[in-house]
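Notes follow the structure.
The values are calculated or read from the model by the stated rules, or taken from the named source; none is laboratory data. Remember, it's a predicted structure, so these values are computed and weren't measured experimentally. Counting neighbours? That spans all protein chains shown, and the Cβs are built from the backbone with ideal geometry, glycine included. In case anyone asks, the SASA skips ligands and DNA or RNA and just uses the protein heavy atoms, side chains included. Shrake-Rupley method; radii C 1.70, N 1.55, O 1.52, S 1.80 Å.
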2 protein chains.
Amino acid sequence: MDALFAAQQKLMPEMSELLKKRYQILQTISLEQPIGRRTLCEVAGATEREIRKETDLLRNQQLIQMKTAGMTVTSQGTEVLDKLKVFVREISGLTDMEVQLQAILGISKVVILPQDSDEIPAVKSHIGKEAARLLEGLFTRYKKIAVTGGSTMAAISKELSNGKPDRALQFIAARGGLGEDVLHQANTIAAAFAEKTGGSFKTLYLPDHLSAEAFEMMMKEPVIKEMMDLYDQTDVVVHGIGNAEEMAVRRHSSLEEVEKIRSGGAISEAFGYYFDKDGKIVYRIRTAGIQLKQVQKASTILAVAGGGSKARAILSYFKNAPNPTVLVTDEGAARKIIELIKKLEEY
Amino acid sequence: MDALFAAQQKLMPEMSELLKKRYQILQTISLEQPIGRRTLCEVAGATEREIRKETDLLRNQQLIQMKTAGMTVTSQGTEVLDKLKVFVREISGLTDMEVQLQAILGISKVVILPQDSDEIPAVKSHIGKEAARLLEGLFTRYKKIAVTGGSTMAAISKELSNGKPDRALQFIAARGGLGEDVLHQANTIAAAFAEKTGGSFKTLYLPDHLSAEAFEMMMKEPVIKEMMDLYDQTDVVVHGIGNAEEMAVRRHSSLEEVEKIRSGGAISEAFGYYFDKDGKIVYRIRTAGIQLKQVQKASTILAVAGGGSKARAILSYFKNAPNPTVLVTDEGAARKIIELIKKLEEY
DNA sequence: TCTAGCTGGACGTTTTTTGTCCCATTAAAT
DNA sequence: ATTTAATGGGACAAAAAACGTCCAGCTAGA
């Protein structure tokens, strides 16, 4: 970092935290605008008084404006956001952590966003936005994109900008699961991606859990076979990473399954596969969906997951993750991962 | 200024004041070390609590250390002072003001130091230090230096660093006045300069006010004549600028003299000359001392004066000041001068 | 027309800051 | 050797600021 900034922080140590806090608030407003005070409190994880104090200041500084519909960021505000982006990352030590994580996880690129999405819901949007930007950067080269479900994936779809539509883009639901909340399943996400980008989408309506016979039968259906072929041609895979047990519960897995997952020591889950602490596959849902081999064949894989609670899962999944994977995560998860690694090294 | 800093200040407007305050405290400690809390309060013009709060912070930041003898600046502290020097000047708008003043006063160089020496006594030391540094820069080229009296000049002598002694340096008392406080008269100052730099000094012990006859008589004395010759060879003149009336009072001038000064509309005083608002000479003390013509012949002239109360005097003196003059002043005086000029322009 | 969500005002209750002592200690001066 | 004047640190009541929390009035959109 610049020596001048170092000196500045030496003389004003409180500056760092203050800057981060205000930046985060301003950024959240920018993302959710127009947004009211109360709503902002919840989404930014702060008390009403605090939000009020800061937003009053931001208004006096002409960085935001307050209308009856809610608060909006002014042009000056977006400019400030833009100018300070790198700086905030720097003083949060995010750049350093990104390099560390790249080494730890053995992948070529990690993007870390400030704060912890477990504590501050708005961080999920920030992650979504960053992932959306990265994904958009791939659109010119790659057109066949497989997407999974989950709230993180939903956040990405929200942040995809409706730029010039690209009809060639094709979003493929990576799994046919109906176990989850409709808004967060792969099918819905694929549709949302397609709508935002002007592309098309392919869905797969099949329950996650099928008996062996039913499964075999279905796989012979032309509609399903077609999807299987698409998976083979996939250029990009975008997926979240979940905690094994949480996912099992959310999917209403049978007791038998839960037992397998538990006894196998499963920690993480991604596109229907359960991994243990060494990244070995413990169990996979018998479902129509993308296969691990097919994922590994993709040119680029975008793994998106944030929050301290996801740290162990991320670490587990990346033990054997394909090399071209890019991870988008947040500070909370990143710090926890580094902490876990340090503890491991001590023993 | 850098766009990044502008954005930073937009988001944290309180930063600017805070930085200036802490910097000033740290700088004062650096200048007066070792210094105790109480003493620092007086010299920095702040309450005990405030000083205490800030010094506690500075200590936690390892910029100063507290011993029983007083507070001292650590090596980190001096480094921070050094790094932030330009920055503090920038955010105080001093650089801008310097350019403005150069134009207003019609001279080539102005140096402005933060704060107002009327309010904060320590600022006088800062002015002294800056003037001392400038003067030291001239030592290699110029050896014959005429100095006047006054508390400002005394401040310079205090801040002259005892670097490698230069026996060739010669400090000449510009006037022989005995009217003032001994510590602040030209003779004492010349001696102090010489002691700090390892040079020699020439003094002139003659009362300021002499009858015409006595004056003529004395001028024929060889000791005096020698001084007069020295004035002709002077390379550098360092002088303060005073308020006319204040000086008259301090010098215990006769009623007759005071009347002349008053009726002439004298505003400023420098090396025994009194100037009115247009820079015209209203009166001069009949004394053995450097002549205005001799001052004008010098290669460099260093005028040093600070504090809002000196603004009018500075403006008055510089109406006709020699071009190669360099002015060292403070923010208080500078702002007041610019304010006065603005008012003048309005009418 | 109605309702949900927005801002701005208000106010009692903490929490922090502030002003002001005194005290033991130490280094210098007598 | 003794005094003196300065130092940092501790303490505490008073003042000020910050905080949590409510309500009123308004506006945009359903």
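All but one of (1) within 12 Å of chain A (Cβ to nearest Cβ); (2) open to solvent by less than 50 Å² (accessible area, probe 1.4 Å) hold for B:Glu79, so report the exception by its number.
The number of the failed condition is (2).
Which members of region A:27-53 meet the condition of being more than 9 Å from DNA strand C (Cβ to nearest atom), in contact with a Gly (Cβ under 8 Å, 6 or more places away or on another chain) and open to solvent by 30 Å² or more (accessible area, probe 1.4 Å)?
Hit for region A:27-53 is A:Gln33, nothing else.
With respect to A:Thr72, determine if the residue is open to solvent by 40 Å² or more (accessible area, probe 1.4 Å) and either more than 30 Å from B:Thr78 (Cα to Cα) or facing chain B (nearest Cβ under 10 Å) (or both).
It is false that A:Thr72 is open to solvent by 40 Å² or more (accessible area, probe 1.4 Å) and either more than 30 Å from B:Thr78 (Cα to Cα) or facing chain B (nearest Cβ under 10 Å) (or both).
Report yes if B:Glu159 is touching a strand residue (DSSP E or B) at 6+ places or on another chain (Cβ under 9 Å), among the acidic types (Asp, Glu) and either open to solvent by less than 40 Å² (accessible area, probe 1.4 Å) or under 19 Å from B:Glu331 (Cα atoms) (or both), otherwise no. Show your work before the answer.
Numbers: touching a strand residue (DSSP E or B) at 6+ places or on another chain (Cβ under 9 Å): no; among the acidic types (Asp, Glu): yes; either open to solvent by less than 40 Å² (accessible area, probe 1.4 Å) or under 19 Å from B:Glu331 (Cα atoms) (or both): yes.
It is false that B:Glu159 is touching a strand residue (DSSP E or B) at 6+ places or on another chain (Cβ under 9 Å), among the acidic types (Asp, Glu) and either open to solvent by less than 40 Å² (accessible area, probe 1.4 Å) or under 19 Å from B:Glu331 (Cα atoms) (or both).
Checking the structure you have, find out if any residue of region A:54-62 is open to solvent by 50 Å² or more (accessible area, probe 1.4 Å), more than 19 Å from A:Ile127 (Cα to Cα), within 10 Å of DNA strand C (Cβ to nearest atom) and more than 14 Å from chain B (Cβ to nearest Cβ). Quick ask: steps written out before the conclusion?
Taking region A:54-62 as the starting set, the residues that turn out to be open to solvent by 50 Å² or more (accessible area, probe 1.4 Å) are A:56, A:59-60, A:62.
Okay, now just the ones that are also more than 19 Å from A:Ile127 (Cα to Cα), so A:56, A:59-60, A:62.
Narrowing the set further to residues that are within 10 Å of DNA strand C (Cβ to nearest atom) leaves A:56, A:59.
In the following step, the residues that additionally are more than 14 Å from chain B (Cβ to nearest Cβ) were identified as none.
Within region A:54-62, not a single residue is open to solvent by 50 Å² or more (accessible area, probe 1.4 Å), more than 19 Å from A:Ile127 (Cα to Cα), within 10 Å of DNA strand C (Cβ to nearest atom) and more than 14 Å from chain B (Cβ to nearest Cβ).
Kindly provide the set of residues from region A:87-114 that are open to solvent by 30 Å² or more (accessible area, probe 1.4 Å) and either of a type in the set (Ser, Thr, Tyr) or within 25 Å of A:Pro34 (Cα to Cα) (or both), ordered by number.
Within region A:87-114, the first condition is being open to solvent by 30 Å² or more (accessible area, probe 1.4 Å), and the residues that meet it are A:89-90, A:95-96, A:99-100, A:102-104, A:106, A:108-109.
Scanning region A:87-114 gives A:Thr95, A:Ser108.
Determine the pairs where a residue that is within 13 Å of DNA strand D (Cβ to nearest atom) and of a type in the set (D, E, K, R), located within region A:63-75, has a partner that is in a loop (DSSP other than H, G, I, E, B) and open to solvent by 20 Å² or more (accessible area, probe 1.4 Å) with Cβ atoms under 8 Å apart, the partner being 6 or more residues away or on another chain.
A:Lys67/A:Pro34
Go through (1) in a helix (DSSP H, G or I); (2) more than 13 Å from the chain's Cα centre (by Cα); (3) surrounded by fewer than 21 Cβ atoms within 10 Å (Cβ to Cβ) one by one and return the number of the condition B:Arg133 breaks.
So the condition that B:Arg133 fails would be (2).
When you scan region B:20-53, how many residues do you find that are over 12 Å from B:Gly70 (Cβ atoms), of a type in the set (A, V, I, L, M, F, W, C) and within 14 Å of chain A (Cβ to nearest Cβ)?
So the answer is 2.
Does B:Ser125 satisfy being open to solvent by less than 20 Å² (accessible area, probe 1.4 Å), touching a helix residue (DSSP H, G or I) at 6+ places or on another chain (Cβ under 7 Å) and of a type in the set (Ser, Thr, Tyr)?
On the way: open to solvent by less than 20 Å² (accessible area, probe 1.4 Å): no; touching a helix residue (DSSP H, G or I) at 6+ places or on another chain (Cβ under 7 Å): yes; of a type in the set (Ser, Thr, Tyr): yes.
Considered against the rule, which asks whether it is open to solvent by less than 20 Å² (accessible area, probe 1.4 Å), touching a helix residue (DSSP H, G or I) at 6+ places or on another chain (Cβ under 7 Å) and of a type in the set (Ser, Thr, Tyr), B:Ser125 comes out as no.
Taking region B:10-21 as the search range and keeping residues that are open to solvent by 10 Å² or more (accessible area, probe 1.4 Å) and touching a residue at least 24 places away in the same chain (Cβ under 8 Å), which one is nearest to DNA strand C (Cβ to nearest atom)?
Per the criteria, the residue is B:Lys21.
Output the number of residues of region A:99-116 satisfying the condition of being modelled with pLDDT of 90 or more and among the small types (Gly, Ala, Ser).
So the answer is 2.
Check off (1) surrounded by 20 or more Cβ atoms within 10 Å (Cβ to Cβ); (2) over 30 Å from B:Met219 (Cβ atoms); (3) more than 19 Å from the chain's Cα centre (by Cα) for B:Ala334 and give me the number that stays unchecked.
The failed condition is (3).
I'd like the full set of residues that are in a loop (DSSP other than H, G, I, E, B) and surrounded by 15 or more Cβ atoms within 10 Å (Cβ to Cβ), limited to region A:245-287. Let's see the steps before the verdict.
First pass over region A:245-287, keeping only residues in a loop (DSSP other than H, G, I, E, B): A:251-254, A:264-265, A:271-272, A:277-280, A:285-287.
Scanning region A:245-287 gives A:Arg251, A:Ser253, A:Gly264, A:Gly265, A:Phe271, A:Gly272, A:Gly279, A:Ile285, A:Arg286, A:Thr287.
So, in region B:76-101, exactly how many residues are of a type in the set (Ser, Thr, Tyr) and without any contact (Cβ under 8 Å) to a residue 24 or more places away in the chain?
Here is the first cut: in region B:76-101, the ones of a type in the set (Ser, Thr, Tyr) are B:78, B:92, B:95.
This time we only want the ones that are without any contact (Cβ under 8 Å) to a residue 24 or more places away in the chain, so: B:95.
Number satisfying all stated conditions: 1.
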